[in-house]
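Asker: Got a structure for you, questions after.
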Amino acid sequence: MDHYRLFGYPLGHSLSPRIYQLFSEQTQRPLIYDTNEVTADAFPEAIRRFFNDGGQGANVTAPLKGIAAQWADRLTPAAQLGSVNMLIRLPDGQILGDNSDGFGLINDLQRQQLLTSGARLLLLGAGGAARGLLPQLLATQPAEIVLLNRTESTAVALAEACCSLGSIRVASLQQLPSGPFDLVIQATSVRHQIAFQSMMSTLPWPMAACYDLNYSSTASLTPFLQWAGQQGATQLVDGLGMLVEQAAYAFNCWRQVTPSVDTVLSILRQELACRH
Ligand code: ATR
């Protein structure tokens, strides 16, 4: 049976195996999908061994997306900023690095009717997650994308890397952007409210809508969304829809069939609601 694997560190209770199991049942395309929690040092050897042993494709999550981009033989336009979240074995044996996060985010924003034309977007974070999103986000031609990151130089470097794709304004913590924004996208690896407080408390709240790439392993809001709600944001959306959308994109690339995202999303929401 074709074998697929998720690499990252840490992986915690990743929902990806469950998502691919549901896709597989729904489309009647059997596959093996497992996880490998592996550090950055050990990742190149682990991924080489996986493909040498016959693996057909892989997902990659933090902090390995940049290493995966260096390791792949070729990159798609979606991965051109050096962030790969999926690898696929091509018929000629080469490994193609792609990124489905941007597709996943845009599809989910459209489902939630959060992507209006002429929107002003504030993107928090300039790591592998933000790098993966920006090619698709810029392609939607928003009125403005402002990038805010704890380390300003990293945001400047990312904005420069994007210059052929579109324009991004970099904000600094000392000189915060003037608001309001139509949508704030939280793409850092921060998991504690205190970090958002120190990073964002002087931003021009309230924002209309806040989207957190993270999702909670229970039915509760993520720390960022809890905090944004306290600041007066009116729409609070977690990244579960994006997770399922980006997995559906990968499943389609690997298995040549498009699963129903809505069905899987509602099963997962029900399962998370049963957790405490
Ligand atoms: P990776 O880059 O390893 O793939 P990521 O999920 O994209 O991981 O998360 C990295 C992002 O989270 C970066 O923007 C990082 O900011 P720095 O460039 O300043 O490191 C951000 N981040 C991580 N910890 C943070 C914290 N405590 N406060 C603010 N931002 C933080």
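The values are calculated or read from the model by the stated rules, or taken from the named source; none is laboratory data. Predicted, not measured: the structure shown is a model, and the values here were computed from it. All Cβ positions, glycine included, derive from the backbone under ideal geometry; neighbour counts span all protein chains shown. Only protein heavy atoms, including side chains, enter the accessible area calculation; ligands, DNA and RNA are left aside. Shrake-Rupley method; radii C 1.70, N 1.55, O 1.52, S 1.80 Å.
Asker: Could you identify the single residue in THR116, THR61 that is within 11 Å of the ligand (Cβ to nearest atom) and β-branched (Val, Ile, Thr)?
Answerer: Result: THR61 is the single residue among THR116, THR61 that is within 11 Å of the ligand (Cβ to nearest atom) and β-branched (Val, Ile, Thr).
Asker: Considering only the stretch 148-171, state which residues are open to solvent by less than 30 Å² (accessible area, probe 1.4 Å) and within 12 Å of the ligand (Cβ to nearest atom).
Answerer: Matches in the stretch 148-171: LEU148, ASN149, ALA155, LEU158.
Asker: While we're looking at this one, here's another question. Can you report the number of residues in the stretch 183-200 which are open to solvent by 30 Å² or more (accessible area, probe 1.4 Å) and either near the ligand (Cβ under 8 Å from one of its atoms) or not aliphatic (A, V, I, L, M) (or both)?
Answerer: Matching residues across the stretch 183-200 total 8.
Asker: Within the stretch 244-276, take every residue that is among the charged types (D, E, K, R) and open to solvent by 50 Å² or more (accessible area, probe 1.4 Å) and give me the one that is farthest from the chain's Cα centre (by Cα).
Answerer: Start the filter on the stretch 244-276 by keeping residues that are among the charged types (D, E, K, R), which leaves 245, 255, 262, 269, 271, 275.
Cutting the leftovers down to open to solvent by 50 Å² or more (accessible area, probe 1.4 Å) gives us 262, 269, 271, 275.
Details: ASP262: 18, ARG269: 18, GLU271: 21, ARG275: 23 Å.
Among them, the one singled out is ARG275.
Asker: A further question on this structure: Can you tell me which residue within the stretch 9-21, out of those that are farther than 13 Å from ILE267 by Cα and either of a type in the set (Asp, Glu) or in contact with a Leu (Cβ under 9 Å, 6 or more places away or on another chain) (or both), is most open to solvent (accessible area, probe 1.4 Å)?
Answerer: My answer is TYR9.
Asker: Looking only at residues in the stretch 133-146 that are out of contact with any Cys (no Cβ under 7 Å at 6 or more places or on another chain), part of a helix (DSSP H, G or I) and not polar (S, T, N, Q), which one is nearest to the ligand (Cβ to nearest atom)?
Answerer: Ranking the qualifying residues of the stretch 133-146, first place goes to LEU133.
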